[in-house]
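Colleague: The following block contains the structure, expressed as structure tokens.
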Amino acid sequence: MPPATLYLASSPESGGLAALPAAAAIFGAPLDLTESFRSGSHGGPDAVRYMSDGLESYSPVLNRDLEDLILRDLGDVPLEGLTHVSEALEQISGGMAFAASEATLAVMLGGEHTASLGGFRGLKRVHPDAVILQADAHLDMRPEYAGQSFTHATWLNHVGQEFGFASIHQVGLRSGDRAEWELARRQTAWSSTELSLPQAIRDQIGQLPVYVSIDIDVLDPAHAPGTGCPEPGGVTFRELVAFLYGLQGLRVVALDVMEVSPNLDAANITAAAAAKLVREAILLFG
């Protein structure tokens, strides 16, 4: 990982920057090895960063400002030249573990959703009792896809096999094969086509550390055209960000936004949505 860059709106009265806790540590995971339909998600981290430059640092909904926070920009996990998914996932795992140990909120910018397996593995090094909350159009729970075990269609199955399906919570779902739906309904803590968490599930999570993983295709393609596997019938940006606000009170310690493909993204619509989600998440949980 490259050395962290610190940003501070105003200097503290005493002490150096290195001694201060960061609200968020952000890194990119430009993984694009196992896309099943249209590739391009390796450009996601750069596209989200680019579109973030056009956003105000202040959120009128949350009445908080990024300029009042310390942020650490860790750059991208070095994946260039890697051809094996297992090697890439280990790099990403290390990046997430480092980010989670450096800040209140670790933020990963994807990259294909397979990277979230590495992200959750890394978070488990820092928070062994963490659970995962996935907002996605697809269940991503097949044991294999197109003859491959590690793909963006199978990553959450690996999470279940490695850490227990009871650690998995899924919302916004609208695509998967019959076996995936049966597995999700039978073994996960919560799997729903609705973009909501019942109070009973929130109570069950309690104050366990939560990893929120957002596949940008949970949005309807009208709001997020720049993604590899768009699925009609999704939610609007306003609905998704309202869901994010509704997670206040949970102990969210890590978040990713995945599957932004700028080569498919007319006018950077999808990257802009991802950038604003990241801003609001940092201000909400950082």
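The values are calculated or read from the model by the stated rules, or taken from the named source; none is laboratory data. Note that this is a predicted model, so its numbers are computed, not measured. For neighbour counting, all protein chains shown are included, and Cβ atoms are generated from backbone atoms with ideal geometry for every residue, glycine included.
Colleague: Looking at the stretch 217-236, which of its residues are among the hydrophobic types (A, V, I, L, M, F, W, C) and part of a loop (DSSP other than H, G, I, E, B)?
Modeller: Scanning the stretch 217-236 gives Ala222, Ala224, Cys229.
Colleague: Go through the stretch 228-278 and give me each residue that's modelled with pLDDT under 95, among the small types (Gly, Ala, Ser) and out of contact with any Phe, Trp or Tyr (no Cβ under 8 Å at 6 or more places or on another chain).
Modeller: Answer for the stretch 228-278, where residues must be modelled with pLDDT under 95, among the small types (Gly, Ala, Ser) and out of contact with any Phe, Trp or Tyr (no Cβ under 8 Å at 6 or more places or on another chain): Gly233, Ser261, Ala266, Ala267.
Colleague: Then there's this: If I ask for residues that are surrounded by fewer than 17 Cβ atoms within 10 Å (Cβ to Cβ) and either among the charged types (D, E, K, R) or touching a residue at least 60 places away in the same chain (Cβ under 8 Å) (or both), which ones from the stretch 58-72 would you list?
Modeller: Matches in the stretch 58-72: Val61, Leu62, Asp65, Glu67, Asp68.
Colleague: So if I check each of Arg238, Arg202, which one is surrounded by fewer than 19 Cβ atoms within 10 Å (Cβ to Cβ) and free of Cβ contacts under 8 Å to residues at least 24 places away in the same chain?
Modeller: Arg238
Colleague: Turning to a different aspect of this structure: Quick one: count up the residues across the stretch 109-137 that are under 22 Å from Val235 (Cα atoms), touching a helix residue (DSSP H, G or I) at 6+ places or on another chain (Cβ under 7 Å) and either of a type in the set (Asp, Glu) or not in a loop (DSSP other than H, G, I, E, B) (or both).
Modeller: 8
Colleague: Then there's this: Look through the stretch 158-196, keep the residues that are touching a helix residue (DSSP H, G or I) at 6+ places or on another chain (Cβ under 8 Å) and aliphatic (A, V, I, L, M), and return whichever of them is nearest to Val131 (Cα to Cα).
Modeller: Ile168
Colleague: Right, something else. Hey, any hits in the stretch 249-268 for a residue that's assigned to a helix (DSSP H, G or I) and either free of Cβ contacts under 8 Å to residues at least 40 places away in the same chain or among the basic types (Lys, Arg) (or both)?
Modeller: yes
For (1) modelled with pLDDT under 95; (2) part of a helix (DSSP H, G or I), each residue gets a yes or a no:
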site: His152; (1), (2): yes, no
site: Val159; (1), (2): no, yes
site: Glu162; (1), (2): no, yes
site: His169; (1), (2): no, no
site: Leu173; (1), (2): no, no
site: Glu182; (1), (2): no, yes
site: Glu194; (1), (2): no, no
site: Ala200; (1), (2): no, yes
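Colleague: Restricted to the stretch 85-98, and to residues that are more than 11 Å from Gly28 (Cα to Cα) and of a type in the set (Gly, Ala, Ser), which residue is surrounded by the most Cβ atoms within 10 Å (Cβ to Cβ)?
Modeller: Only one residue fits best here, namely Ala88.
Colleague: Just one of the numbered conditions (1) assigned to a helix (DSSP H, G or I); (2) within 19 Å of Ser116 (Cα to Cα) is not true of Ile214; which one?
Modeller: Exception for Ile214: condition (1).
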